[in-house]
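**Q** Mind looking over this structure? Questions follow.
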Amino acid sequence: MQERTHDELRLIGKMADEMLRLGEGCTDDDLMSRFTRLQVRTFKEEARDLANQRAHGEAA
């Protein structure tokens with residue numbers, strides 16, 4: 001994984017929060033109501049990993 005800037009990390013965190021709010025099975029189209037297509041394509045995987053970590057951390 002490449003080094004991310006503070007702004008990129010903040011965006012990834014916001015995207016992860018949105019994924020958690022939308023729930024399992026949220027689509028790229030769901031995310032594009034709040035983020036640009038480029039942001040979704042660039043940060044989706046990292047945001048999904050973070051959302052999974054947060055979900056498991058809250059469940060523990």
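**Q** I want to confirm something. Restricting to the range 14-31 and keeping residues that are farther than 13 Å from ALA55 by Cα and at pLDDT 95 or above, which single residue is surrounded by the most Cβ atoms within 10 Å (Cβ to Cβ)?
**A** Checked the range 14-31; the qualifying residue surrounded by the most Cβ atoms within 10 Å (Cβ to Cβ) is MET15.
**Q** Ok, one more. Take the range 33-60 and flag every residue that is of a type outside the set (Gly, Ala, Ser) and over 13 Å from LEU11 (Cα atoms).
**A** Correct list: ARG37, ASP49, ASN52, GLN53, ARG54, HIS56, GLU58.
**Q** Assigned to a helix (DSSP H, G or I) and charged (D, E, K, R): is that true of ARG54 in this structure?
**A** yes
**Q** Are there any pairs with C-beta distances below 6 angstrom linking a residue in the range 1-28 that is closer than 20 Å to GLY57 by Cα to a residue that is assigned to a loop (DSSP other than H, G, I, E, B) and at pLDDT below 95, with the two at least 6 apart or on different chains, and if so which?
**A** MET19/CYS26
**Q** Related question: Report yes if some residue within the range 35-45 is part of a loop (DSSP other than H, G, I, E, B), modelled with pLDDT of 95 or more and within 11 Å of the chain's Cα centre (by Cα); otherwise report no.
**A** yes
The values are calculated or read from the model by the stated rules, or taken from the named source; none is laboratory data. This one's a predicted model, so the numbers in the text were calculated from it and none came from an experiment. With ideal geometry, Cβ positions are generated from the backbone for all residues, glycine too; neighbour counts draw on all protein chains shown.
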